[in-house]
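The values are calculated or read from the model by the stated rules, or taken from the named source; none is laboratory data. Predicted model only: the values in this text are computed from it and were never measured. Every residue, glycine as well, gets a Cβ built from its backbone with ideal geometry; the counts of neighbours run over all protein chains shown. Accessible surface areas use protein heavy atoms only, side chains included; no ligands, DNA or RNA. Shrake-Rupley method; radii C 1.70, N 1.55, O 1.52, S 1.80 Å.
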Amino acid sequence: MSIDLAKNLYAKMPDVFAKARKKFGRGLTLSEKVLVSHADDFDTQAWERGKAMLALRPDRVAMQDATAQMAILQFMQANKAQAAVPSTIHCDHLIRAEMGSEKDLLRAVDENAEVYNFLASAAKKYGIGFWKPGAGIIHQVVLENYAFPGSLIIGTDSHTPNGGGLGGLAIGVGGADAGEVMAGLPWEVLHPKLIGIHLTGKLSGWASPKDVILYLCGLLTVKGGTNKIVEYFGPGAETISATGKGTICKMGAELGATTSVFPFDQKMVAYLNITDRADLANLAIANKSLLVADPEVSQSPEKYYDQIVEVDLSTLEPHVVGPHTPDLARPISKMAAEAKEKGYPVQLKAALIGSCTNSSYEDISRSAHIAQQGLKAGLKAKAPFLVSPGSERIYNTMKRDGFLETFEQLGGTVLSNSCGPCIGQWKRADGVKGKADSIVSSFNRNFPGRNDGISETLSFLASPEVVTAYAITGDLGFDPVNQTLKGADGKEFKFLPPVGEELPAKGFAKGEEGFVAPAASGEGLTVEVPPTSERLQLLQPFPRWDGKDFEKLPLLIKTKGKTTTDHISPAGPWLKFRGHLDKISDNMFLGANNAFFPEPGKGTDVLTGETGLTMAQIARRYKAKGIGSIVVGDENYGEGSSREHAAMSPRFLNVRVVITKSFARIHETNLKKQGILALTFADPKDYEKIEQQDRISVTGLSSLAPGKPVQVTIHRADGTSLTIQANHSITEPQIAWFKAGSALNALN
Ligand code: MIC
Ligand code: SF4
């Protein structure tokens, strides 16, 4: 990365901070410092938390292969010669985990050749850096190479906030946002509110950075962070490694937070140094006061944050969360009893560590310490034990320092440097559809069906060291932290708390880094999209709004309970169609619970009465008849991933309106960007009123205005009707997106 980016940013910070202090009449939090120094125009920008839309200029864009396809296809519609900001593509999500790293990688290169060629050729032409398959998972590679204190990075992946571990705001977005920023437009986001997390004490024993965020997930819930930035501060922050901070920030996505951030400190200096960025570390040291909150903030934080949470790291216990949601948290000491009480199957069918989130040197060395203790007692892993390194550097360093060997001796399998089982790219040999069994991992997410495509699987999350201990005991009904177990010789022993190194004493071992620089000029270069491809399809603009109200739309689905993007647009085997809108749309709502049908993903064609059809089949029938439809959803609809397919497929299959009790941030924006009307029930109880045979009208659309509720009329099958109100968060420019048919259409 060019250090000039940071130099230029730091040079302009003092002036804009002075203006901001004057305008706000007080000192600035770290989040505010990053926001104001990236304002497109500080002077004309309105600054009101929770209300104003901010127009910002990110320093960089990062995209992973599964979302980059749509991002690039949309960017291409803008007809620009080059990406306007430094950008990279990372090939990580499309690698299937099955046979171990080498074979899996070879197979991935073969079976994804078309997609990789497309992305590589687009990267070359448009001035975008390209990280080849095997180079590592986007967030790890961004942390090692691009994130820096004070920066603003957007990434087409919800876990982009990992970059907060190096003191910047790194934010997950949909591909349309990335495409627009690469096309030279500012990036818009609702001015987030601020949660301040005051950290005191120091982690010790088994407690790890992962436990900080698992605990907070339980406390704040999966919607507690929506449209908020989580800013950590206090003396405890300085005791956590940069990669540990990254883990905490990254999994803040599970709170629905816009992003999370830690103030610049010595731990970040150490990480920048060891990742060959001593120049950047020195520059940041020289500018330290710009990269932390103003001193008055920590003196009276209640004046600066909208909400404050106290966490004493010294008393934090290791936690386990799940199944099915990351906010079902308890200390590990309560897990066994709860498993018994709730009837969770206690035999663990797999234990998985690594992924983008917990494969730092610290995580791996602490896990290896637990594995070594098991080996010393003559034990092997009882549950299949899978390790996903986060990057090529991590992999080579693990190998050099003997950790791979330790895991393999324990019976573990080392997979490629990719997402693999975390995103359903995992061929679980013993998985049986319809049968509930338990697995445990150190990943970020545990929504139904996420890892093995089996929605009954109970997936629990914990720190990698705890997962390694579970791998050895294979038993969720046993507490490996507090109880004693028997070694091979029958003698009782207790695991000693894990000990590891934050950073490798010998530095990182490097392999083939896998970076391909773009061409100096893209002129004359073509982007490879084979016309007959099953994997890629150039986009056709969505039709413009015809100026008419939506009259009597049939209800496609009323989703019941949690509706994550994994429910709306499942990943796993469907990842291969991420560049082909028509094909991937067949997965629409396959994981969602329909309030009017017993089986997930299916429902009734209300026009013909035919039942047991997939949502895509039904929507395609309506579309063929020229009819739009409506989707009704529950709380925090669209939680989880940034995948805009969860908005594009409904749009492609003629869904015009989505009304919910509430939305998750990235998904709400994705819906708006694709021209779908995203509404919320003014009275959430109205959700209950929607019946399967209702026809729903949304009227007064020609006078759609920011802050003005919309009328929704429910026409009952018996000829009666009732009117309810719906709210929205549509701004003036977003009305133009709706009218044009999509944000992209509005640009052209
Ligand atoms: C995830 O962790 O859910 C993913 C897969 O990385 C997604 C992106 C995607 O669906 O491609 C995310 O987090 O945004
Ligand atoms: Fe990949 Fe999982 Fe990380 Fe998402 S959370 S980037 S799927 S490893």
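With a Cα-only, solvent-free Debye model of segment 203-272, what are the log10 I(q)/I(0) values at q = 0.16, 0.19 Å⁻¹?
-0.52, -0.72
Taking every pair of alpha-carbon atoms in segment 239-283, what share in percent sits in each 10 Å bin, from 0 to the bin with the longest distance?
Per 10 Å bin, starting at zero, the Cα-Cα P(r) for segment 239-283 comes out as 28, 44, 24, 3 percent.
Return, ordered by residue number, the residues of segment 49-72 whose backbone nitrogen is under 18 Å from a label point located 7 Å along Cα→Cβ of residue 736.
Taking a point 7 Å out along Cα→Cβ of residue 736, the residues of segment 49-72 whose backbone N falls under 18 Å are 53-57.
Quick one: Cα centre-to-centre distance for segment 132-194 and segment 674-709, in angstrom?
32 Å
If the only charges are +1 at each Lys and Arg Cβ and -1 at each Asp and Glu Cβ, what is the size of the charge dipole of segment 425-552 around the Cα centre, to the nearest 20 debye? If you can, show how the numbers build up before the last one.
Numbers: 15 positive and 19 negative charges, 52 e Å.
Charge dipole of segment 425-552: 240 debye, to the nearest 20.
Assuming 0.36 nm per residue, please report the length gained on full extension of the stretch residue 52 to residue 702 beyond their Cα-Cα distance. Write down the numbers at each step before the final one.
Working: separation 650, 0.36 × 650 = 234.00 nm, distance 2.35 nm.
Stretched fully, the residue 52-residue 702 segment lengthens by 231.6 nm.
Roughly how many debye, to the nearest 20, is the charge dipole of segment 21-94 about its Cα centre, given +1 on each Lys and Arg Cβ, -1 on each Asp and Glu Cβ, and no other charges?
440 debye
Around residue 414, under 14 Å between beta carbons, what's the net of Lys plus Arg minus Asp minus Glu among the other residues?
Details: positive: 103, 399, 400; negative: 98, 102, 104, 392, 401, 405, 408.
Summing Lys and Arg as +1 and Asp and Glu as -1 gives -4.
So if I take the centroid of the Cα atoms in segment 598-659 and the same for segment 535-560, what is the distance between those two points in Å?
Measuring centre to centre over Cα atoms gives 9 Å.
P(r) of segment 556-614 in 10 Å steps, Cα pairs, percent per bin?
In order of increasing distance, the bins hold 24, 48, 26, 2 percent.
Please give me, ordered by residue number, the trypsin sites (Lys or Arg not before Pro) of segment 1-55 that lie in loop per DSSP and have at most 13 other Cβ atoms within 10 Å.
Details: sites: 7, 12, 19, 21, 22, 23, 26, 33, 49, 51; in loops: 26, 49, 51.
When the trypsin sites (Lys or Arg not before Pro) of segment 1-55 are filtered for loop state and at most 13 Cβ neighbours within 10 Å, 51 remain.
Working out 0.36 nm times the residue gap between residue 512 and residue 333, then minus their Cα-Cα distance, what length gain in nm do you get to one decimal?
60.2 nm
Over the heavy atoms of residue 720, what accessible area does a 1.4 Å probe trace out, to the nearest 10 Å²?
Result for residue 720: roughly 70 Å² accessible.
Distance between Cα centroids, segment 219-297 to segment 445-480: provide it in whole Å.
28 Å
Grab the other residues whose beta carbon is less than 14 angstrom from that of residue 8, score K and R as +1, D and E as -1, and report the net.
+1
Taking only the C-alpha atoms, wrap a convex hull around segment 311-364 and report its volume per residue in Å³ as a whole number.
Convex hull volume per residue, Cα atoms: 129 Å³.
Using a Debye calculation, one point per C-alpha and no hydration shell, please list log10 I(q)/I(0) for segment 103-252 at q = 0.08, 0.16, 0.22 Å⁻¹ in order.
-0.29, -0.98, -1.45
Which whole number in µm²/s is D for segment 658-718 by Stokes-Einstein, with the Kirkwood Rh taken over Cα pairs at 37 °C and 0.692 mPa s? Each step should come with its number before you reach the end.
Numbers: Rh = 12.9 Å.
Approximately 255 µm²/s, per Stokes-Einstein.
Evaluate the Kirkwood expression for the hydrodynamic radius of segment 1-147, namely the inverse of the mean inverse distance over all pairs of different C-alpha atoms, and round to one decimal in Å.
17.8 Å
If you take every DSSP beta bridge whose two residues both sit in the chain, what share of them, in percent to the nearest 5, is antiparallel?
That works out to approximately 40 percent antiparallel.
Residues with beta-carbon under 15 Å from that of residue 48, excluding residue 48: net charge, scoring Lys, Arg +1 and Asp, Glu -1?
Its environment carries a net charge of +3.
How big is the C-alpha Rg of segment 590-748 next to the rule-of-thumb value 2.2 N^0.38 Å, as a ratio?
1.01
Roughly what % of Cα-Cα distances in the chain sit above 53 Å, to the whole percent?
7 percent
Using only the alpha carbons of segment 142-216, what is the convex hull's orientation-averaged projected area in square nanometres?
Averaging across all directions leaves 6.7 nm² for the Cα convex hull.
Based on the Cβ-Cβ distance of residue 81 and residue 106, what FRET efficiency does E = 1/(1 + (r/R0)^6) give at R0 = 25 Å, to the nearest 0.05?
0.10
Can you tell me what the convex hull of the Cα atoms of segment 492-630 projects to on average, as an area in nm²?
So the mean shadow area of the Cα hull is 19.3 nm².
Bin width 10 Å, alpha-carbon pairs only: give the P(r) of segment 258-389 as whole percents, running from 0 to the bin holding the largest distance.
8, 23, 31, 23, 12, 2
So if we plug the beta-carbon distance of residue 299 and residue 533 into 1/(1 + (r/R0)^6) with R0 = 60 Å, what FRET efficiency do we get, rounded to 0.05?
0.50
Pick out, from 455, 468, 74, the residue whose Cα sits farthest towards the positive end of the charge dipole of the chain, with +1 on the Cβ of Lys and Arg and -1 on the Cβ of Asp and Glu.
74
Report the extension gain between residue 716 and residue 289 in nm, rounded to one decimal, defined as 0.36 nm multiplied by the number of residues separating them, less their alpha carbon distance.
147.5 nm
I need the fraction of alpha carbon pairs in segment 405-488 separated by more than 15 Å, rounded to a whole percent.
In whole percent, the long-distance tail amounts to 63.
Residues in segment 638-666, backbone N under 14 Å from the label point at residue 582 (7 Å along the Cα-to-beta-carbon vector): list them, ranges by number please.
Backbone N within reach: 652-653.
About the Cα centre of the chain, what is the dipole size in debye to 20, counting +1 per Lys and Arg Cβ and -1 per Asp and Glu Cβ, all else neutral? Let's see the in-between values first.
Details: 81 positive and 81 negative charges, 164 e Å.
Dipole size: approximately 780 debye.
Using a 1.4 Å probe on the protein heavy atoms only, what accessible surface does residue 342 show? Give it in Å² to the nearest 10.
It works out to around 100 Å².
So for 312, 211, what's the accessible-area order with a 1.4 Å probe, most first?
312, 211
Find the Cα radius of gyration of segment 460-570, compare it with 2.2 N^0.38 Å by division, and give the number to two decimals.
Segment 460-570 yields a ratio of 2.11.
Write down the radius of gyration of segment 642-690 and its Dmax, each obtained from C-alpha positions, in Å.
For segment 642-690, the Cα-based Rg and Dmax read 11.1, 30 Å.
On alpha carbon coordinates alone, what is the Rg over Rh value for segment 347-483, Rh being the Kirkwood radius? Walk me through the intermediate numbers first.
Working: Rg = 13.8 Å, Rh = 14.6 Å.
Across segment 347-483, the Cα-based Rg/Rh ratio is 0.94.
State, to one decimal in nm², a quarter of the convex hull surface area for the C-alpha atoms of segment 119-177, i.e. the direction-averaged projected area. Walk me through the numbers before you get to the answer.
Numbers: hull surface 16.8 nm².
Quarter of the Cα hull surface area: 4.2 nm².
How long are the three semi-axes of the equivalent ellipsoid for segment 460-499, computed from the Cα gyration tensor as the root of 5 times each eigenvalue, in whole Å, largest first? Intermediate results must be reported in sequence, preceding the final value.
Numbers: eigenvalues 63, 27, 14 Å².
Each semi-axis is the square root of five times an eigenvalue, giving 18, 12, 8 Å.
Could you tell me what fraction of 2.2 N^0.38 Å the Cα radius of gyration of segment 524-566 comes to, as a two-decimal ratio?
2.01
According to a simple spin-label model (label point 7 Å from Cα along Cα-to-Cβ), what is the distance in nm between residue 219 and residue 624?
Taking the simple label geometry, residue 624 and residue 219 are separated by 5.5 nm.
Give me the one-decimal Kirkwood hydrodynamic radius in Å for segment 551-676, with the sum taken over alpha-carbon pairs. Kindly include the intermediate steps, with their values, before the conclusion.
Details: mean 1/r = 0.0712 Å⁻¹.
Roughly 14.0 Å, rounded to one decimal.
Points 7 angstrom from Cα along the Cβ direction at residue 310 and residue 433: gap in nanometres?
Result: 5.2 nm between the two label points.
Mind listing the Cα extents of segment 492-541 along all three principal axes, in Å, largest one first?
Sorted largest first, the three principal extents are 65, 32, 20 Å.
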